[in-house]
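J.: So that we are looking at the same thing, I have put the structure below in C-alpha cells.
Laboratory data are not the source of any read-out in this text; all were calculated from the coordinates shown. Please read these numbers as outputs of a predicted model, since none were measured by experiment. FYI the Cβ positions are ideal-geometry reconstructions off the backbone, even for glycines, and counts take in every protein chain you see.
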Amino acid sequence: MTTPSSDQRPARSDRNPWNWLLLVPIVIPLITALYNADQPRLLGFPLFYWLQLAFVAVGVVCTTIVYRTGRKRGGR
Amino acid sequence: MSEHITEIVVFTILFLVVSGMGFVAARWRRPDDLASLHEWGLGGRKFGSWVTWFLVGGDLYTAYTFVAVPALLFGAGAMGFFALPYTIITYPLVFLVLIRLWSVSHVHNLVTPADFVRVRFGSPTLALLVAITGLVATMPYIALQLVGIEAVLKTMGVTGDLPLIIAFAILAAYTYQSGLRAPALIAFVKDSLIYLIILVAVIYIPAKLGGWGSIFDAAKAKFDATPAPGDGILLNPNNQLQYITLALGSAMALFLYPHSVTGVLAARNRGVVKRNMAALPAYSLLLGLIALLGYMAIAAGVKPITSGGKADANTVVPLLFDKMFPDWLAGVAYAAVGIGALVPAAIMSIAAANLFTRNIYREYFKPDATDAQEAAVSKIASLVVKVGAVAVILMIDPQFSIDLQLIGGVIILQTLPAVALGLFTRWFHRAGLIAGLVAGMAAGMILLYNIANPAINHAHFGGSAFPLSQLGLDTKMTIYAGFLALIVNLAVAAAGTLIARAGRLADGPDGTRPSDYTADEGDPRVHEIELSGSH
C-alpha cells in the first residue's frame, strides 16, 4: 500500500507505567459484590446506583492521569 | 392529537432548524473539494477535541439508547443499568487501542476497520468478512434510530408512516450533500438539548414525585409485586454474571462498530483521541441519569402505549415527559430525541457506505477507483442504506430490528481478534482468524437461537442472556451470549494459527511497520499521505 520511506523519526512509544492505572476503572465496575446493595442510601439513591455513578469519576480521573503522564513522556 | 399541538409545533420548528444546519454544514471549514472519502466520509480528518467529543458522543449515545435503556429499567430493573458500567469500562479499555488504530490508519490511508485488517494480515477474504460483519451489525442499528423517532411521534398522537419517511428523507439529503460534517455540526445542538432536558428532568421530576427515595421505593414495590423472578432494583445471584459479561462484552464491542471508528479517525491527532477518552465519560453520567427515567416513569404511574395488543415499552420516556413537563418543554424533549436519532443514523450510514466502497467496491469491482469515484459511490451507498433502514422498519415488525441489533452486537464482537488484537500482535495466522471469526459467529447464532423469552413471546432470539443450564451446568445463572461466542472464536483462532503454522500454510504479508502504530500528526509519513490524498 505505502512505499516504505527512509524517515526515521525519534521513536515514539506508548509505554508508560501509569498505563496500568487504566485497569482500575475496567475492573472495579465489574465487581458486583462492591455495589449490589440498597443500603447505605445517598440522597435517596440506593448504593447500587450512586456508587456506580461515582465510578464515572474514577474512570475520568484514571484516564486523565494516564493521558497527562503519557504526554510528558514525549508522546502527545 | 389536538392536545399535543404545542409539542408538535415546537418539535417541528427545532427539527427544521437542525435540518437547515445539516445542509449548511457542507460549507463549514470548507474544503477545496468534497469529492474524496477523507473529506466527505471523514470530514477532512481535521476535527479537534471539542468537535470530536460532540461527534463521538452524539454517535455512541443514540436516540435508541435514550428510549430503550430507561424502557429496560422500567421493565426489568437493575439489569438494565448495565449500560452504565458498560460505558465506564469502554474508554479505559480502548484508550491504548484507538491511538494505535488512529496512527496506522493515518500512515496507510485507512478509512474502515476492514481496511486495517486488509493491510495487516494481507487477506482480502478476512477483510471482506470483517466488512460484511460491520455492515450486518450497522444496518439494524440505523433502523433502530427510527424506532426512537417513532416512539416520540406515537406519543404526540402522530401516526402513519409519512412523518417517518419525511424525517429520513431530509436526513438522507443532507448527509448526501455534507457528509460527516453534517452530523458533526448537528451534534452540538442535539447534545446541548439533551443535556438541558436531562438536567431539568433529574431536578424537576423527582421534586414533583416526592424525591429520589420514593422513586426507588415505587420501583421496588412494582418489581416485588410481579411474579417474574429476574427483576428488582438490585441484581440477584442468577443475573450477576450476565450483568458483568454483558457490560464487558458491550464495552469491547462498542469501538469495533464501524461508526465508532469513523468518529475516532476523523480526529486531528492522537492527543484529540486521548483527551476524548478522558472526557467522553461525561456522557456516561448522563446515560446513568437517563436510565433512571425508567424508574421515574414507574413512580409517575406511566402506562406504555399499546398497539395491536402489545405494550410498547419504548414509549415510557416520551409519556413521562408528556405527563410531567409543560407542553413546550415536552416538545423540546421530543425534538432532542428526534434529533438524537439523526446524528447517529447519519454517521452509521456514512460508516456503512465507506465499508461498502472501500472493502467491496474498490476491492472487488474497481481496484483503480479514484478519490472522486469513491466519494460518489459512498454517497449513493449511504442513500441505499437509509432507504433499506426505512423499509425494514415500515415493512417488518420493529421487534425484528431489535432482534437483529442484538445479533449485531454479538457478531461485531467476533471481529475483535482481527481488529483489536491485530493492532497489538501479528501472532495470529490469517487462516486461524478466519476460522475463529466463522466459528464465533456460528456459536453466537446458535446460542442466541436457543434463548427463549416468554415475555415477548419469542421461542428463539429472545435476548442475550444465555442460561448456563443449557450447557449442562446445574445453575440458574445466565451469561452474555456474545461473550461465550468470543471465547469460542479466540480458542479456534489460536488453535487454527498453531495448525496453520505446523502445516506451513502461507500467511499473508504484513503491510505495516511497528513505528506506524505510534505515528502522529506532523510526522513526515502521516503528512505525506494527507497531502497526496490517494494511492
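J.: What's the average, rounded to a whole number, of partner chain beta-carbon atoms within 10 Å of each residue's beta-carbon in B:269-277?
T.: Values: counts 1, 6, 5, 1, 2, 10, 5, 2, 7.
Mean partner shielding for this stretch: 4.
J.: Between residue B:28 and residue B:491, 0.36 nm times their residue separation minus their Cα-Cα distance comes to what? Can you show the working numbers first?
T.: On the way: separation 463, 0.36 × 463 = 166.68 nm, distance 4.79 nm.
Residue separation times 0.36 nm, minus the Cα-Cα distance, leaves 161.9 nm.
J.: Quick one: if you stick a label point 7 Å off each Cα along the C-beta vector at residue A:43 and residue B:236, how many nm between them?
T.: A separation of 3.1 nm, rounded to one decimal place.
J.: Here's a follow-up. Separation of segment B:62-114 and segment A:38-67 by C-alpha centroid, Å?
T.: If you average the Cα positions of each part, the centres end up 19 Å apart.
J.: Can I ask one more? What does the convex hull of the alpha-carbon atoms of segment A:17-72 project to on average, in nm²?
T.: 4.0 nm²
J.: Can you give the FRET efficiency to the nearest 0.05 for residue B:136 and residue B:452, using r as the Cβ-Cβ distance and R₀ = 30 Å? Write out the running numbers ahead of the final one.
T.: Numbers: r = 23 Å, r/R0 = 0.78.
Computed FRET efficiency for residue B:136 and residue B:452 comes out at 0.80.
J.: When B:305, B:290, B:380 are ordered from fewest to most other Cβ atoms inside 10 Å of their Cβ, what list results?
T.: Listing B:305, B:290, B:380 from fewest to most nearby Cβ atoms yields B:380, B:305, B:290.
J.: Give the value in nm², to one decimal: projected area of the alpha carbon convex hull of chain B, averaged over all directions.
T.: The number I arrive at for chain B is 23.8 nm².
J.: What does the structure give for A:58-68 when I average, per residue, the other chain Cβ atoms found within 10 Å of the residue Cβ?
T.: Numbers: counts 3, 13, 11, 2, 4, 11, 6, 1, 6, 9, 2.
Taking the mean over all residues of the peptide, I get 6.
J.: Moving on. Where in chain B is the longest stretch that carries no chymotrypsin sites (Phe, Trp or Tyr not before Pro) classed as loop by DSSP and with at most 13 other Cβ atoms within 10 Å?
T.: B:1-423
J.: Hey, with R₀ at 35 Å, roughly what FRET efficiency would residue B:421 and residue A:30 work out to, going by the Cβ-Cβ distance, to 0.05? Each step should come with its number before you reach the end.
T.: On the way: r = 20 Å, r/R0 = 0.58.
Calculated value: 0.95.
J.: Here is a further query. Treat the count of other C-beta atoms within 10 Å as a stand-in for reagent exposure and order B:146, B:164 from fewest to most.
T.: B:164, B:146
J.: Evaluate the distance, in nm, between pseudo-label points positioned 7 Å from the Cα of residue B:303 and of residue B:460 along their respective Cα→Cβ axes.
T.: About 3.6 nm, to one decimal.
J.: Which of the lysines could a cross-linker span from residue B:476 if the Cα-Cα distance has to be under 24 Å and same-chain partners fewer than 8 positions apart are dropped?
T.: The qualifying lysines are B:220, B:222.
J.: Could you size up the charge dipole of the protein assembly as shown around its Cα centre, putting +1 on the beta carbon of Lys and Arg and -1 on that of Asp and Glu, and report it in debye to the nearest 20?
T.: 1460 debye
J.: I'd like the FRET efficiency for residue B:372 and residue B:499, computed as 1/(1 + (r/R0)^6) with the beta carbon distance as r and R0 of 45 Å, rounded to 0.05.
T.: 0.50
J.: Could you give the distance between the Cα centres of segment B:289-333 and segment B:359-392, to the whole Å?
T.: 39 Å
J.: Taking a ≥ b ≥ c as the square roots of the eigenvalues of the Cα gyration tensor of the protein assembly as shown, is the shape rounded (a/c under 1.5), prolate (a/b larger than b/c) or oblate?
T.: Taking the square roots of the gyration eigenvalues as a ≥ b ≥ c, the protein assembly as shown is prolate.
J.: Follow-up. So for B:349, B:307, B:36, fewest C-beta neighbours within 10 Å to most, what's the order?
T.: B:307, B:36, B:349
J.: Next question, about the same structure. Based on DSSP H assignment, which helices of chain B show an axial Cα extent of at least 30 Å together with a mean Kyte-Doolittle hydropathy greater than or equal to 1.6?
T.: B:181-209, B:481-502
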